[in-house]
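Please read the structure below before turning to the comments.
Nothing in this text is a laboratory measurement; each read-out follows from the coordinates by a stated rule. Note that the structure is predicted; figures quoted are calculated from it, not measured. Positions of Cβ are backbone-derived with ideal geometry, glycine not excepted, and every protein chain shown enters the neighbour counts.
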Amino acid sequence: MSDTSNIEVRPAKERDAAAIAQIQAAASQAAFKAQFPGEAMPEFDSLKKSQSYWREAIEFGDPQVLVATQGGEIVGFVGFDRSRDPKTPATMGEIWALYARPSHWGQGVGLALWDGARDGLVDEGCTKVTAWVPLGYERALHFFDMAGFKREMTSIKTVLVGLTRIEEIRFKRDLS
């Protein structure tokens, strides 16, 4: 387990939106290249569009956003709130997004962000949490396994990223 003592987690500020969008793009590209070596990267939202999304999320708290910093630099973020899945109880939370700079993978950034999101979800009255993870993103699958989430094998769904179809699986765990 990594030492997270030099990683600070704090609520995101609107001025953090550019760094959040850049981290999401870099981590998504690195994860895609690992899953589909040699294939062309699908078109993701532009950085400007992504930055606008995260700025609005931060402003309105939908989802709630925390950033991880190390030495004053933003090195990761997590977005979390109530579950977006239909017919889930109000006590079901969801990790909407959890990303770290690829240069900081394996250094405890994800764990520090998960700890912050878990505390935030508990404060909101959530008792369980889910996360949708692309199959084949081994690093993310391993992270959620190690964080105590269980795979819901009957939940697999296909989503489009650009023109590429990616299967996702829902992970779930208690917050107690």
| field | HN-Hα J in Hz across region 91-96 - Karplus 6.51, -1.76, 1.60, θ = phi - 60°, x for Gly and Pro | value | 8, 9, x, 8, 7, 7
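Thinking of region 8-126 as a set of Cα atoms, what percent of all their pairs are more than 21 Å apart? Walk me through the numbers before you get to the answer.
Numbers: 2781 of 7021 pairs.
Pairs farther apart than 21 Å: 40 percent.
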| request: Starting from the amide H of Arg101, placed 1.01 Å from N in the peptide plane, find each other amide H under 5 Å away whose residue is 5 or more places distant or on another chain. | output: Gly76
| task | Step through the residues of region 59-69 one at a time and calculate ³J(HN,Hα) from phi using the Karplus curve (6.51 cos²θ - 1.76 cosθ + 1.60, θ = phi - 60°), rounding each to whole Hz and writing x for Gly and Pro. | result | 4, 9, x, 9, x, 6, 10, 10, 10, 9, 10
| said: Please check: in the Gaussian network model of the chain (C-alpha springs, under 10 Å), which one of Arg165, Arg151, Arg82 has the largest mean-square fluctuation. | reply: Arg165
| query | Can you list the residues of region 111-125 with backbone N under 18 Å from a point 7 Å past the Cα of Ala30, pointing along Cα to Cβ? | reply | 111-114
| If you add up the charges near Pro102, with Lys and Arg at +1 and Asp and Glu at -1, over every other residue whose beta carbon is less than 12 angstrom from its beta carbon, what do you get? | +3
| query | Label points 7 Å out from Cα along the Cβ direction at Asp85 and Gln22: separation in nm? | reply | 3.5
| request: Any chance you could run the full-extension gain for Glu14 through Arg151? It's 0.36 nm times the residue separation minus the Cα-Cα distance, nm to one decimal. | output: 46.0 nm
| request: Compute the relative contact order of the chain as a whole-number percentage, counting only Cα pairs closer than 8 Å that sit 6 or more residues apart in sequence. | output: 22
| remark: Note, region 118-135: 3J(HN,Hα) by Karplus (6.51, -1.76, 1.60, θ = phi - 60°), whole Hz, Gly/Pro = x, goes 4, 4, x, 5, 4, 4, 7, x, 7, 10, 9, 9, 10, 8, 9, 10, x, 5
| remark: Each label sits 7 Å from Cα toward the beta-carbon; between Val159 and Thr127 the label points are separated, in nm, by 2.7
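How much net charge surrounds Phe60 when only the other residues with a Cβ under 13 Å from the Cβ of Phe60 are counted, with Lys and Arg +1 and Asp and Glu -1? The partial results should precede the final answer.
Values: positive: Arg55; negative: Glu14, Glu56, Glu59, Asp62, Asp81.
Neighbourhood net charge equals -4.
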| message | Based on the alpha carbons, how large is the Rg to Rh ratio for region 57-176 when Rh follows Kirkwood? | response | 0.95
| request: Search the structure for amide H atoms under 5 Å from the amide H of Trp96, placed 1.01 Å from N in the peptide plane, and list their residues when 5 or more places away or on another chain. | output: Gly79, Phe80, Asp81
| message | Can you tell me the length gained on complete extension of the stretch Leu47 to Glu138, counting 0.36 nm per residue apart and subtracting the Cα distance? | response | 30.3 nm
